[in-house]
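The values are calculated or read from the model by the stated rules, or taken from the named source; none is laboratory data. These numbers were taken from a predicted model, which means no experiment stands behind them. No Cβ is skipped: glycine too gets one built from the backbone with ideal geometry, and neighbour counts run over all protein chains shown.
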Amino acid sequence: MEFYAITKSLHYLVGVLALTTFWIAAFTRKGSPLHKAVGKLYLLAMCAIVVTAMVFTGYGVMSDPGPMDAFLAYLVVITATSCWLSWRAIRDKRDFARYTGPVYRVLAVLNLLAGAGIFTIGIAIGSLLLTGFSMVGFLLGFGMLRLRRRGPAHPQWWRQEHMNAMLGNGVATHIAFLSIGLPRILPTLAGPTLQMLAWFGPLLVAFVLQIWLGRKYAVPKSLPARPADAMANV
């Protein structure tokens, strides 16, 4: 129990760090030294969140397994995927084939399977939260497989992948704060309706931001289409 309590405290601490560094990175100039440094710190915090969440999942499964333990495991999968994509999109920006290699394919399939599992559980127990949130895994998995099949549409594909993945990380960060952290600070905000808003609100905001960022950082039409050398190994 002491290990669990320490892990729980660590989870909360890195959650605060993730929330803080996310917004610092969001408001700093993209590509600047500060943006890169804070972004790395944010991803490290997210990795710590994923690891501690895995501990919670394992503890729940061993003590009294239930639907929410499966849901937590599902959240670990989609969050870990977003962390990996946001990191590798920068590291592999000159090698699309490497970016969409074995780990990418495994994560894509894992998201589909996890989404299907949570959808089934959600239907079985009549949970709108689980059923609705299972769509994230489906969309993420299908999107990854579609990108790998079609290849990059332009040379700046990595920037779009990085931004989309970071938005996914931001959704996870803010859901954790709104559904767990904020009700502890302001108990009057607790309740089923507000909890649903806490889960699905960040998804809606991320969807709007994805469209806005896509237009703001749109690739000029003068840029060449998908490079042949990148597609050769797909």
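So Ala114 ticks every box in (1) at pLDDT 95 or above; (2) surrounded by fewer than 19 Cβ atoms within 10 Å (Cβ to Cβ) but one. Which box is left unticked?
Against the list (1) at pLDDT 95 or above; (2) surrounded by fewer than 19 Cβ atoms within 10 Å (Cβ to Cβ), Ala114 comes up short only on (2).
Given (1) of a type outside the set (D, E, K, R); (2) out of contact with any Pro (no Cβ under 7 Å at 6 or more places or on another chain); (3) surrounded by 15 or more Cβ atoms within 10 Å (Cβ to Cβ), identify the lone condition not met by Val109.
(3)
Please go through (1) over 25 Å from Val77 (Cβ atoms); (2) modelled with pLDDT of 80 or more; (3) among the basic types (Lys, Arg) for Arg150 and return the number of the only condition it doesn't satisfy.
Among (1) over 25 Å from Val77 (Cβ atoms); (2) modelled with pLDDT of 80 or more; (3) among the basic types (Lys, Arg), the lone unmet condition for Arg150 is (1).
In this structure, is Tyr12 among the aromatic types (Phe, Trp, Tyr), touching a Gly at 6+ places or on another chain (Cβ under 8 Å) and in a helix (DSSP H, G or I)?
In short, yes.
If only one of Leu17, Leu34, Leu10 is touching a helix residue (DSSP H, G or I) at 6+ places or on another chain (Cβ under 9 Å) and modelled with pLDDT under 90, which one is it?
Step by step, each of Leu17, Leu34, Leu10 is checked, and only Leu10 is touching a helix residue (DSSP H, G or I) at 6+ places or on another chain (Cβ under 9 Å) and modelled with pLDDT under 90.
Name the residues in the stretch 85-104 that are within 13 Å of the chain's Cα centre (by Cα) and within 15 Å of Gly137 (Cα to Cα), would you?
Leu85
So for the stretch 47-67 (the condition being surrounded by 16 or more Cβ atoms within 10 Å (Cβ to Cβ) and closer than 22 Å to Phe207 by Cβ), does at least one residue qualify?
no
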